[in-house]
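Chemist: Sharing a structure below in structure tokens format, with a few things to ask.
Bear in mind that the values in this text are calculations on the coordinates, not laboratory data. In this text the structure is predicted, and so the values were computed from the model without any measurement. Glycine also receives a Cβ, built like all others from the backbone with ideal geometry; neighbour counts cover every protein chain displayed.
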Amino acid sequence: MIDIDRIRADTPAARRLAYLHNAGAALMPAPVVAAMKRHIDLESEIGGYAAADREADRLEAVYGSVARLLNAATDEIALMENATVAWQMAFYALPFRKGDRILTAEAEYAANYVAFLQVAKRTGVIIDVVPSDTSGELDVHALERMIDARVKLIAITWVPTNGGLVNPAAAVGKIARARGIPYLLDACQAVGQIAVDVEAIGCDMLSATGRKFLRGPRGTGFLYVRRALLQQLEPPMIDHFAAPWVSRDEYRLRDDARRFETWENNYAARLGLGASVDYALEIGLAPIEQRGHMLADRLRNGLASIRSITIRDLGRTPGAIVSFTMKGYEADGIVSSAAAAGIAIGVSHPSSTRIDAELRSLPPVVRASPHYYNTEAEIDRLIDHLASLAQR
């Protein structure tokens, strides 16, 4: 059972703001902010190097926290500046040749797809998009039929940015593992919202951010690389932390996932990331997921009662991202109107998931993303606000 009163006490902004923009950047709880402030204060007192030395045990413990979050081993975790860098370091470490194929999903995120396009331009790799099934989820049967000896990567976004869709990540993993194909999973919108178990999913690489449903600071992320694949990958860029300079003409890559890191880091942000992971683990990802789904379902049910609103979510069991459009209003106007009423929501533009948006002729959509610290009353505030707009 989630102690909602304690959690909201840890979230001071919740007293004045119905914050439903967690798919963008969630509100950090007090322990996360405190962890960062303590380290910044320490750096100001004794300097950055000495502060890192003094806090070495806490900094090291962040790897263990992330590993527990994912059901991974500590040596399979790299801490990164953000999820995009994490994803890129994994993707660009893979060797591609002309004629190789990358399989991806219709709702793939823009940052990932432009990387596919760049590698295709450089090497002649082929990008093939797996169609969706009637629910809007990636069609796993179509995926299986599309695989041949030229497929060198399956890369999908688990929870896309523009709606409630939750792709069948574990079913994809089962196929990838059976065929021996590397599987890169973008879990940006999944981590912190739902339980993540890399062993159950079967992914070889996973990238995520701290700032979204994990409630960590901006400028943080992490990368998981399965140990069996790790030793086969050389990062596209290295420094002397990732690969110590062992002799005049030789460097030696680290044996663990930290070969994807660099020496210089924002240690205050790392400690904030660790605090956010520990906070989520203490509450429990299962109750977090359950409450998030409950709040999102309440919102969808309320929106369905407003005739001028069209819900744009896909999937058999949508997650805690609710997307919609409203006749007579542009998405940005709805977001501005809600902000004036003390309700924070966001917009997802077609360019962020271009293939899906073009296939469904989507305009910019409003994106409301509740989380476990939100209340039913806050959901109802948004519904009532939108109903009042519809009556104008």
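Chemist: Give the Cα extents of the stretch 64-208 along the principal axes, in whole Å, largest first.
Modeler: Projected onto the principal axes, the Cα atoms of the stretch 64-208 cover 40, 34, 30 Å.
Chemist: Also, quick follow-up: Is the shape of the stretch 132-264 best called rounded, prolate or oblate, per the rule: a/c under 1.5 gives rounded, else a/b larger than b/c gives prolate, else oblate, with a ≥ b ≥ c the square roots of the Cα gyration tensor eigenvalues?
Modeler: Judged from the Cα gyration tensor, the stretch 132-264 comes out oblate (a/c at least 1.5, b/c at or above a/b).
Chemist: Tell me the relative contact order for the stretch 31-282 as a rounded percent, counting alpha carbon contacts under 8 Å between residues six or more apart.
Modeler: 27 percent
Chemist: Next up: If a/c stays under 1.5 just call it rounded; otherwise compare a/b with b/c (prolate if a/b is bigger, oblate if not). Do that for the stretch 86-163, with a ≥ b ≥ c from the square roots of the Cα gyration tensor eigenvalues.
Modeler: oblate
Chemist: Let me ask something else about it. Going by how many other beta carbons lie within 10 Å of each one, how would you line up 215, 291, 258, 392, fewest first? Before the final figure, lay out each step's value.
Modeler: On the way: 215 28, 291 20, 258 17, 392 6.
The fewest-first ordering by Cβ neighbours comes to 392, 258, 291, 215.
Chemist: Go through 247-256, 346-355, 305-314 and give me the packing order, highest mean Cβ count within 10 Å leading.
Modeler: Final packing ranking: 346-355, 305-314, 247-256.
Chemist: Within the chain, how many Lys pairs sit with Cα atoms under 17 Å apart, leaving out pairs fewer than 8 places apart on the same chain?
Modeler: Working: 98/121; 98/152; 121/152; 152/174.
Lysine pair count for the chain: 4.
Chemist: If we count other beta carbons within 10 Å of each Cβ, what is the order of 91, 222, 116, 241, fewest first? Please report the intermediate quantities before stating the final value.
Modeler: Details: 91 23, 222 33, 116 20, 241 14.
Placing the least packed residue first, the sequence is 241, 116, 91, 222.
Chemist: Still on this structure: Quick check: net charge around residue 123, other residues with Cβ under 11 Å of its Cβ, Lys/Arg +1 and Asp/Glu -1?
Modeler: Summing Lys/Arg as +1 and Asp/Glu as -1 gives +4.
Chemist: Tell me the label-point distance for the pair residue 41, residue 246, using the 7 Å Cα-to-Cβ offset, in nm and rounded to one decimal.
Modeler: 4.4 nm
Chemist: Could you tell me the distance between the Cα centroids of the stretch 172-212 and the stretch 313-331, to the nearest Å?
Modeler: Taking the Cα centre of the stretch 313-331 as reference, the centre of the stretch 172-212 is 24 Å away.
Chemist: May I pose another question? Only counting other Cβ atoms within 10 Å, I'd like 361, 369 sorted with the fewest neighbours first.
Modeler: So the residues, fewest neighbours to most, are 361, 369.
Chemist: Where a ≥ b ≥ c are the square roots of the eigenvalues of the C-alpha gyration tensor, would you call the stretch 284-390 rounded, which needs a/c under 1.5, or, failing that, prolate if a/b is larger than b/c, or oblate? It would help to have the intermediate numbers written out before the result.
Modeler: Working: a/c = 1.71, a/b = 1.15, b/c = 1.48.
Cα axes put the stretch 284-390 in the oblate bin.
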